[in-house]
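A short reminder: the numbers here are calculations on the coordinates, not readings from a lab. Keep in mind it's a predicted model, so treat the numbers as computed, not measured. Positions of Cβ are backbone-derived with ideal geometry, glycine not excepted, and every protein chain shown enters the neighbour counts.
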């Protein structure tokens, strides 16, 4: 899979979801040939899993941005790298598949 982008909002009707100690499952969806799973963990981190890129899955666990009440998430992949964005800011990059030498 050469390159692509998936983006989505993480929002909850419950006020304070970003600061409370409760986990939330935002479910999974498929787009651009990949399946994305999203969750908020009890420790205020966001877990994103990307399945369908060459071999295996790519997993991210990153802290919620300070003061966030909702979160715009984007995942891009190109050239063997997957990049995760929160509110248009790069938060992490991971390799996927077989990297050319």
FRET efficiency, residue 41 to residue 78 (Cβ-Cβ, R0 22 Å, nearest 0.05): 0.20
Dimensionless Rg/Rh of the chain, both radii on Cα and Rh by Kirkwood, sits at 0.98
Determine the relative contact order of the stretch 3-95: mean sequence separation of Cα pairs under 8 Å and six or more apart, normalised by residue count, in whole percent. 27 percent
For the stretch 62-101, calculate the relative contact order in percent as a whole number, restricting contacts to Cα pairs under 8 Å that are 6 or more residues apart. 31 percent
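Would you mind calculating the relative contact order of the stretch 26-66 from Cα pairs under 8 angstrom and at least 6 residues apart, reporting the percent as a whole number?
On the way: 68 pairs, mean separation 12.0, N = 41.
Worked out over the stretch 26-66, it gives 29 percent.
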